[in-house]
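So the structure is just underneath, and the comments pick up after that.
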Amino acid sequence: NAGVTQTPKFQVLKTGQSMTLQCAQDMNHEYMSWYRQDPGMGLRLIHYSVGAGITDQGEVPNGYNVSRSTTEDFPLRLLSAAPSQTSVYFCASSNWHEGNSPLHFGNGTRLTVT
Amino acid sequence: GENVEQHPSTLSVQEGDSAVIKCTYSDSASNYFPWYKQELGKGPQLIIDIRSNVGEKKDQRIAVTLNKTAKHFSLHITETQPEDSAVYFCAASDNNNDMRFGAGTRLTVKP
């Protein structure tokens, strides 16, 4: 199993550009989520999904969209990038139906918005 | 919502010494408390977790304690080794799997 795969690893955008961060998992996990990691602030939840067709907002959802058309994929879209979105983004998944379960993280996408 | 505070933000110990990282949480509904280790350029990886019906859990050199009354939990690493150097995160979540993380502790183990 590859686990959680994120692409790209690095990305530089200009203010106002749009892009999609890809996330795929091969563990048949129902739960998937996106976090951003900023220095001194830990990991903050952006959006999450408890199954295909279901998404919900986390702690810091503004400026980001998500969709969940399949169990495996959970892309994160930035419609109009801003410098405040410069961060490292992590996708994670877990066996939500087993109650609270450990999150499995990808290796992250480092995004810089100039 | 849940708020998790983690201390210290940096910790330096000599190889072989013990390291302790402490976290507090605010939401009494939280019932799951994992600890993650993050190495440079990688995503966080689970190292140990504890649920609210347990006061202590141990896995070789790593242990976690939970005090539900005081709403705090701690990570203990004994006989530290240079490969333990990393950033450690605590987290807390309720049954909705809305997991909130502490700000992280950068642990350095000096040979």
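Data for the structure
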quantity: Residue check, A:TYR35 surrounded by 14 or more Cβ atoms within 10 Å (Cβ to Cβ) and out of contact with any Ser or Thr (no Cβ under 6 Å at 6 or more places or on another chain); calculated: yes
quantity: Residue tally, condition within 13 Å of chain A (Cβ to nearest Cβ), farther than 20 Å from A:SER93 by Cβ and assigned to a loop (DSSP other than H, G, I, E, B), over the stretch B:55-103; calculated: 2
quantity: Test set (1) in a strand (DSSP E or B); (2) within 23 Å of B:ALA91 (Cβ to Cβ); (3) away from chain B (no Cβ under 14 Å); (4) of a type in the set (Lys, Arg) - A:ARG77 fails condition number; calculated: (2)
quantity: Considering residues of the stretch B:7-35 that are within 14 Å of B:LEU66 (Cα to Cα) and within 11 Å of chain A (Cβ to nearest Cβ) only, the residue surrounded by the most Cβ atoms within 10 Å (Cβ to Cβ); calculated: B:PHE33
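No value in this document is a laboratory result; all are computed from the given coordinates. Note that this is a predicted model, so its numbers are computed, not measured. No Cβ is skipped: glycine too gets one built from the backbone with ideal geometry, and neighbour counts run over all protein chains shown.
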